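Quick note: the coordinates plus some simple rules give every number you see, no bench work behind them. Quick caveat, the model's predicted, so the values are computed rather than measured. Here the Cβ positions follow ideal geometry from the backbone for every residue, glycine too, while neighbour counts run over all protein chains shown.
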Amino acid sequence: MARREKAIGKDVVISKAGGIGLAPLRPAMYHLISQRNQYGKIVILYGARTPEDILYKHDLEQWRGRFDVEAQVTVDNADGNWRGDVGVVTTLIRRAQFNPSRAIAMICGPEVMMRFTIVELQNCGAGEDNIFISMERNMRCGIGFCGHCQFGPVFVCKDGPVFNYGCIKNFFGKREI
Ligand code: FES
């Protein structure tokens, strides 16, 4: 079943931290909002290093302003003008209003962040087959040729970059892979 169909009727949680901001997950958010009535709760949890590192602020503000979307933002290091949350993005999971046992989660960020996010989601009752992670690492050729993106038995460029956690859990997080 396609990821999109799998999410229909469920709560959807998007968790993103660091790197290139929301870019990889913005299209998913746009789709969810355009088909809003097909989904349960929609939650976006976004973490940045500092307030200056927050990208796509306009999108985040718009989502925060909706009654049918929960958007939470946190930073690792705040400055004096920051009035929001401080801390890693995983701390937002327990506060978010969704039902983990009937939620689809999409995660994108540094591998260590994704690992902690997965643990937190599973501790809350999320199923491993309902967790999708987007791998961004080690891309060079992009066509399955150079081997730089090899990740266990798969290639991120050819087989991903989005993977179902249940399918890759045996080698996800292993440094030497
Ligand atoms: S980027 Fe070269 S094999 Fe994937």
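Which trypsin sites (Lys or Arg not before Pro) does segment 89-177 hold that lie in a coil by DSSP with at most 12 other beta carbons within 10 Å? Before the final figure, lay out the partial values.
On the way: sites: Arg94, Arg95, Arg102, Arg115, Arg137, Arg140, Lys158, Lys169, Lys174, Arg175; in loops: Arg94, Arg95, Arg137, Arg140, Lys169, Lys174, Arg175.
Loop-located and lightly packed - Arg94, Arg95, Arg137, Arg140, Lys174, Arg175.
Would segment 78-177 count as rounded, prolate or oblate if I go by the C-alpha gyration tensor, calling it rounded below 1.5 in a/c and otherwise prolate when a/b exceeds b/c, oblate otherwise? Please list the in-between numbers first.
Working: a/c = 2.60, a/b = 1.51, b/c = 1.72.
Oblate.
Quick check on the chain: of the DSSP beta bridges with both residues there, what percent are antiparallel, nearest 5%? Don't skip to the answer; put the middle values down first.
Numbers: 5 of 29 bridges.
The answer is about 15 percent antiparallel.
Treating the beta-carbon of each Lys and Arg as +1 and of each Asp and Glu as -1, no other charges, what is the dipole magnitude of segment 3-134 about its Cα centre, to the nearest 20 debye? Working shown, then result.
On the way: 17 positive and 15 negative charges, 81 e Å.
Rounded to the nearest 20 debye, it is 380 debye.
Mind checking the full-extension length gain between Arg4 and Glu128? Use 0.36 nm per residue of separation minus the Cα-Cα distance, one decimal, nm.
Numbers: separation 124, 0.36 × 124 = 44.64 nm, distance 1.65 nm.
Length difference between fully extended and current span is 43.0 nm.
Only helices at least 15 Å long along their axis, Cα-based, and averaging 0.5 or more on Kyte-Doolittle count here, so list those DSSP H runs from the chain. Can you show the working numbers first?
Values: long enough: 111-123 (18 Å, 0.32).
In the chain, no H run is both long and hydrophobic enough.
If you take the charge dipole of segment 92-177 about its Cα centre, with +1 on Lys and Arg Cβ and -1 on Asp and Glu Cβ, which of Val112, Gly125, Asn170 is farthest toward its positive end?
Val112
Do any of Lys57/Lys169; Lys6/Lys57; Lys16/Lys41; Lys16/Lys57 go past 21 Å between their Cα atoms, and which? Intermediate results must be reported in sequence, preceding the final value.
Details: Lys57/Lys169 33 Å; Lys6/Lys57 29 Å; Lys16/Lys41 17 Å; Lys16/Lys57 14 Å.
Those over the limit are Lys57/Lys169; Lys6/Lys57.
What FRET efficiency comes out for Ile33 versus Phe171 if R0 is 35 angstrom and r is the Cβ-Cβ distance? Round to the nearest 0.05.
0.55
Run the simple label-point estimate for Leu55 and Phe145 please: 7 Å along Cα→C-beta, distance reported in nm.
That separation, rounded to one decimal, is 2.6 nm.
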